[in-house]
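Here's the structure, in structure tokens; my notes come after.
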Amino acid sequence: ATGANKYFIFNNSKLKEFNLNNTQIIPCICHSKDIDTNIFTYDDFKKLACSDKDVYLFNGCKNEDDEFVRKYIEFGEYQKINKRYLTANRKPWYSLENKKTAPIWVSVFNRKGLRFIRNEANVSNLTTFHSIHNISKIETDVLFAYLLTNVAHEILFDNSRQYGNGLIKFE
């Protein structure tokens with residue numbers, strides 16, 4: 001969670017606008033609608049980036065001394081991004097959560113049931129997906145294959161809520 005997606009999320013156009021480069025950002029899937037396959041590769045990521053999709057997160061802590069990073073941080077302070085609830089409780093306010101990249105994602109909201117994605121690109125994700133980290137001795141690909149089965153979906157469906165028009169939230 002960023003606390004201010006509009007500020008922290010970047011596409012290539014916004015990077016150029018603020019004179020930032022790939023040393024000040026991290027690759028990240030920001031919108032579940034951008035993923036249309038169960039296996040997400042680095043080539044898929046590059047296609048999204050080339051299509052000017054939102055696929056980066058600002059990480060000012062990587063290069064705080066850079067002139068353009070400082071200007072962007074000041075821009076955030078001018079917009080009072082640093083005063084928002086989540087950002088105000090981080091030190092520094094523009095730092096990101098220290099979260100490991102997940103090898104498997106599951107969509108939080110869906111109208112068609114559970115949607116699992118194998119993150120072979122090893123990119124980060126926002127809260128549009130839950131992260132699944134394999135902490136057992138089961139291989140990640142074996143776990144992923146199981147999660148695609150009807151049995152797994154039935155078990156996991158018990159941990160969901162249904163909203164209007166068939167919207168399902170998995171928790």
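Brief remarks follow.
- The stretch 35-56: number of residues that are at pLDDT 95 or above, touching a Ser or Thr at 6+ places or on another chain (Cβ under 9 Å) and under 21 Å from Ser107 (Cα atoms): 1
- Flag for Arg118 being within 30 Å of His153 (Cα to Cα), open to solvent by 30 Å² or more (accessible area, probe 1.4 Å), touching a residue at least 60 places away in the same chain (Cβ under 8 Å) and among the charged types (D, E, K, R): yes
- Among residues of the stretch 162-171, those that are more than 17 Å from Ser32 (Cβ to Cβ) and either under 24 Å from the mean Cα position of the chain (by Cα) or surrounded by 13 or more Cβ atoms within 10 Å (Cβ to Cβ) (or both), counted: 1
- Members of the stretch 4-41 found to be open to solvent by less than 30 Å² (accessible area, probe 1.4 Å) and either basic (Lys, Arg) or farther than 30 Å from Phe144 by Cβ (or both), listed by number: Ala4, Tyr7, Leu15, Leu20, Gln24
- Residue within the stretch 42-63 that is assigned to a helix (DSSP H, G or I), farther than 17 Å from Phe10 by Cα and in contact with an Asp or Glu (Cβ under 8 Å, 6 or more places away or on another chain) present: yes
- Per the conditions (1) at pLDDT below 95; (2) in a loop (DSSP other than H, G, I, E, B), the sole criterion not satisfied by Leu86 is (2).
- Among the residues of the stretch 121-137, those that are under 25 Å from Asp54 (Cβ atoms) and either of a type in the set (Asp, Glu) or not in a strand (DSSP E or B) (or both) comprise Ala121, Asn122, Val123, Leu126, Thr127, Thr128, His133.
- The stretch 138-160, subset assigned to a helix (DSSP H, G or I) and among the hydroxyl-bearing types (Ser, Thr, Tyr), residue least open to solvent (accessible area, probe 1.4 Å): Thr140
The values are calculated or read from the model by the stated rules, or taken from the named source; none is laboratory data. Keep in mind that what you see is a predicted model, and the values were worked out from it rather than measured. Ideal geometry is used to build each Cβ from the backbone, glycine not excepted, and the neighbour counts take in all protein chains shown. Surface accessibility is based on the protein's heavy atoms, side chains included, excluding ligands, DNA and RNA. Shrake-Rupley method; radii C 1.70, N 1.55, O 1.52, S 1.80 Å.
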